[in-house]
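Presented below is the structure to which this report refers.
FYI, it's all coordinate maths here, none of it is from the lab. Quick caveat, the model's predicted, so the values are computed rather than measured. Note that each Cβ is placed from the backbone with ideal geometry, even for glycine, and that neighbours are counted across all protein chains shown.
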């Protein structure tokens with residue numbers, strides 16, 4: 001970033017400090033706009049299309065397949081349709097808050113993108129407090145949802161908003177505690193430092209530092225699902241109980257903004273899981289210094305991230321929804337004590353193994369073997385069950 | 001120049017938020033104004049390179065306190081009635097008092113010589129420094145904080161239980 | 001002023017601008033035919049009573065918010081500790097044992113009192 005700015009300043013012959021600041025501001029503005037508009041919006045849109053296609057596939061139906069090849073352009077059609085709809089507002093709604101609430105949700109998700117490292121150099125801003133920053137801007141989403149629910153003057157909206165907010169704040173505790181173990185291992189809050197502390201091979205990732213990190217990974221993943229209100233934790237939108245939750249009264253583009261934020265949040269969940277536990281953008285060491293380094297890192301990051309997003313989507317169409325009491329009990333009775341215990345175990349392990357690099361490596365390989373075994377088991381059973389059905393394997397996913 | 005403009009922008013958010021909090025007759029709007037004010041303060045901390053503090057301000061005040069206040073406010077009946085929201089009272093007495101206070105502050109500002117005693121903290125991670133001093137120089141306050149939090153926890157539970165038995 | 005924060009401010013500004021642009025487009029493109037029925041809150045055909053939806057609710061949610069706040073503060077203190085744990089080592093471990101030990105007492109109390117249950 002800085003080198004681009006400096007070269008621009010030199011080539012334009014700008015000497016005054018105000019001019020230089022202006023140029024750097026413009027460069028950053030352009031870069032932020034590139035990340036947000038042509039990357040984030042299509043990502044959210046394409047994910048929405050993909051999700052409906054996968055859902056169709058999993059439930060033996062078609063899903064969107066008319067607009068564009070395989071329905072690929074469905075998300076653009078949806079966006080245009082949302083814009084052409086009337087922007088309704090209920091009679092007794094609190095007008096300013098009703099209008100401003102979607103912006104909060106949208107901005108809360110958009111702001112997280114600043115700190116996400118796509119590769120060694122492709123990051124908008126490597127904040128010193130990176131991971132903590134991402135936790136903190138999520139609070140805007142909570143406040144936005146709460147305001148949306150209250151301002152609609154609708155019982156379902158209010159209950160949905162309140163449920164959503166209490167769910168998000170409850171699960172912030174296990175999320176933050178599981179991130180804490182990663183911070184313990186890294187000694188830094190910066191996202192780039194967290195990635196740099198890991199390596200390309202699975203046993204160099206944070207998830208396989210010791211067996212307790214696998215526990216922490218699961219707690220983080222499940223809590224992140226709950227914070228992003230994804231199934232099995234989509235209580236705020238529980239259609240069967242609450243019509244549509246906090247966004248019942250919204251229509252047109254404001255409704256679409258909530259959903260853009262939701263699918264954008266999916267990206268954030270995937271990216272955070274990748275960065276914190278799955279090695280981030282780490283490419284093979286052999287590539288260092290070559291011109292392919294940055295593209296390969298970007299591709300590795302996006303692949304891992306997409307894999308996580310795919311699992312999240314698949315979970316949505318596999319699992320039933322939990323009840324609100326179960327939700328709170330899972331968080332406060334199981335996750336909080338379990339993550340406190342795991343923190344304890346991780347710190348003790350760190351204190352014991354300090355300076356014994358062979359011991360650390362052995363433990364890493366051991367715990368990598370554990371989670372790889374589970375991954376293998378899932379795949380093995382999936383293949384076996386598939387063979388039992390005697391169905392033909394059809395890999396044409398988009399059919 | 002731009003950075004100075006940013007300061008005034010953040011200060012504006014803080015002050016406007018505070019004004020909304022104080023003058024709005026709808027208490028949810030007040031809570032909303034409070035949030036704007038908190039975000040402005042967080043921005044000011046960030047402006048002064050206190051990055052950890054800025055984030056803590058966001059997490060604790062926006063994510064915690066404001067949500068708590070919104071919960072409390074939203075669950076109270078008839079909240080949009082002015083009589084249970086914050087009424088503007090004693091405007092006559094308050095105005096000269098506030099004017100005097102502002103006069104004193106402005107008068108004092110010209111007389112006091114503000115010297116920055118800190119060294120420049122340009123883009124240094126403050127989290128580590130805070131951690132270091134919490135665990136070495138300020139261990140006792142650090143541990144006392146946990147006792148304080150425990151007291152708050154017990155108090156909160158106690159208050160809630162009392163209301164519950166009243167209901168039954 | 002740390003320069004790393006400028007992109008953050010910009011990103012929030014762009015997200016806001018993007019949202020506004022979308023809403024503006026929708027105002028230009030979308031129809032505007034208000035009617036009584038459309039402006040009525042959607043509650044599955046129930047007629048809402050005169051005082052609207054904003055009524056008293058369970059204190060449960062409020063309790064969760066308070067407990068969240070306390071744990072949040074605890075986490076705020078744990079993060080600086082986590083960043084220096086490697087350098088300070090075993091001393092830091094005992095200091096955090098003590099800190100957490102006191103809070104775990106509170107946690108057990110809250111649990112036993114049944115605040116974390118959800119009837």
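Observations on the structure shown:
- Ranked packing of C:18-24, A:113-119, A:359-365, most packed first, by mean Cβ within 10 Å: A:113-119, C:18-24, A:359-365
- Under the criterion of Cα pairs below 8 Å and six or more residues apart, the relative contact order for the stretch B:1-77 equals 27 percent.
- Remark: C-alpha extents of chain A on the principal axes read 70, 67, 45 Å, sorted largest to smallest.
- Counting only other chain Cβ atoms within 10 Å of each residue's Cβ, the peptide A:340-348 averages 3.
- Cα gyration tensor shape of the stretch A:279-385, rounded if a/c is under 1.5, else prolate or oblate by comparing a/b with b/c: oblate
- Over all orientations, the stretch C:77-119 has a Cα convex hull whose mean projected area works out to 3.6 square nanometres.
- Taking each residue as 0.36 nm, the span from residue C:109 to residue C:93 lengthens on full extension beyond its C-alpha to C-alpha distance by 3.4 nm.
- Legend: mean number of C-beta atoms from other chains within 10 angstrom of residue C-beta atoms, peptide B:4-13, equals 1.
- For residue A:369 and residue A:33, the difference between the fully extended length at 0.36 nm per residue and the C-alpha to C-alpha distance is 116.8 nm.
- When shorter helices are ignored and each DSSP H run of at least 4 residues is given -39500 (n - 2.57), the per-residue value for chain A at 222 nm works out to -22000 deg cm²/dmol.
- The mean sequence distance of close C-alpha pairs (under 8 Å, at least 6 residues apart), as a share of the length of chain A, puts its relative contact order at 20 percent.
- Quarter of Cα convex hull surface for the stretch A:106-248, i.e. mean projection, nm²: 9.0 nm²
- Separation of the residue A:384 and residue C:36 label points, Cα + 7 Å toward Cβ, nm: 6.6 nm
- A full extension of the chain between residue B:113 and residue B:9 corresponds to an added length of 35.0 nm, given 0.36 nm per residue minus the alpha carbon distance.
- Across peptide C:108-116, the mean count of Cβ atoms from other chains lying within 10 Å of each residue's own Cβ comes to 4.
- Inter-centroid distance (Cα atoms) of the stretch A:131-164 relative to the stretch A:337-355, Å: 34 Å
- The stretch A:268-292-the stretch A:48-90 distance, computed between alpha-carbon centres (Å): 32 Å
- The stretch A:194-285 shape via C-alpha gyration tensor axes, a/c threshold 1.5: oblate
- In terms of its C-alpha gyration tensor, the stretch B:1-77 has an oblate overall shape, because the principal axis ratio a/c (a ≥ b ≥ c, square roots of the eigenvalues) is not below 1.5 and a/b does not outweigh b/c.
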